[in-house]
Amino acid sequence: MWTVPQARREHRVNATMSDKASKVAIVTQDTGSSRTRAGRSKAAIYESLRSELGTLITGQTDFLANISNFAALLFGSLPNLNWTGFYLLRGSDLVLGPFQGKPACSCIAMGDGVCGTAALQRAAVLVPNVHAFPGHIVCDEASQSEMVLPVFKDNRLIGVLDLDSPQLGRFDDTDREQIEALLRMLMEGTEVPEFRLAPPD
Ligand code: SME
């Protein structure tokens with residue numbers, strides 16, 4: 001029986017991964033980057049995102065790999081964002097996770113800022129004007145509006161996803177619903193280490 005030598009097997013794995021990345025890149029290129037996608041309907045953008053996310057996570061369940069790609073996918077595909085990323089629960093704090101944008105505050109206490117409020121309430125927080133949100137934590141002065149969504153695995157909190165925009169009132173309920181659906185898809189296909197999960201309610 002002919003077997004693939006080890007080096008060639010590794011090459012085949014790498015080829016599969018880079019094929020996958022280039023498929024997503026091609027979809028992104030065809031439909032335009034965040035800067036050229038303005039003009040496409042939200043429905044079309046989110047439909048592409050579901051398909052691209054499916055491609056990225058198929059065959060990959062690693063937590064950091066998948067949430068890193070998720071942050072990059074959203075940042076590169078949704079218009080008018082200046083920061084997108086995760087804060088992950090550690091004890092009673094939220095610690096900076098994979099993100100795209102300028103370096104940001106590395107630790108936010110539960111209940112602080114928009115992120116800590118969303119985590120404490122286990123609910124989405126949409127802030128049309130960050131300057132009007134008491135306790136808003138400034139990480140990038142370009143941010144004008146913000147949306148923070150709690151992230152769950154099997155109904156247990158693991159952190160929040162934070163999206164910032166340089167545009168006032170950037171986020172609406174459609175964005176919230178669509179990104180919540182993408183997060184559910186992400187988490188269904190991702191294994192989360194036990195230490196990252198909040199204790200069951
Ligand atoms: N503005 C957030 C802090 C995180 S940064 O925006 C990346 C907050 O008030 O929690």
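Do the conditions hold for ASP62, that is, is it over 22 Å from GLN178 (Cα atoms), modelled with pLDDT of 95 or more and out of contact with any strand residue (DSSP E or B) (no Cβ under 8 Å at 6 or more places or on another chain)? Answer is yes for this residue. Only strands (runs of 3 or more DSSP E) whose full extent lies in the stretch 61-111 are considered here, and the ones with at least 2 residues that are closer than 16 Å to VAL151 by Cα are 83-90, 93-101.
When the stretch 80-94 is filtered for residues that are within 13 Å of the ligand (Cβ to nearest atom) and among the charged types (D, E, K, R), only ASP93 remains. Going through (1) modelled with pLDDT of 95 or more; (2) open to solvent by 70 Å² or more (accessible area, probe 1.4 Å) one by one, HIS11 falls short only on (1). Whether any residue in the stretch 151-167 is within 12 Å of the ligand (Cβ to nearest atom) and without any contact (Cβ under 8 Å) to a residue 24 or more places away in the chain is what I want to check. No, there is no match, as no residue in the stretch 151-167 is within 12 Å of the ligand (Cβ to nearest atom) and without any contact (Cβ under 8 Å) to a residue 24 or more places away in the chain.
Taking the criterion of being open to solvent by 80 Å² or more (accessible area, probe 1.4 Å) and either more than 8 Å from the ligand (Cβ to nearest atom) or touching an Asp or Glu at 6+ places or on another chain (Cβ under 7 Å) (or both), the residues of the stretch 120-138 that qualify are LEU120, GLN121, ARG122, PRO128, HIS131, PRO134.
Could you tell me which numbered condition THR117 fails, if it satisfies all but one of (1) open to solvent by less than 40 Å² (accessible area, probe 1.4 Å); (2) more than 13 Å from the ligand (Cβ to nearest atom)? (2) is the only condition that THR117 fails.
The values are calculated or read from the model by the stated rules, or taken from the named source; none is laboratory data. Just so it is clear, the model here is predicted, and its values are computed rather than measured. Because the Cβ atoms are built from the backbone with ideal geometry, glycine has one as well, and the counts that use them run over all protein chains shown. Side chains are part of the model used for accessible areas, which takes the heavy atoms of the whole protein and leaves out ligands, DNA and RNA. Shrake-Rupley method; radii C 1.70, N 1.55, O 1.52, S 1.80 Å.
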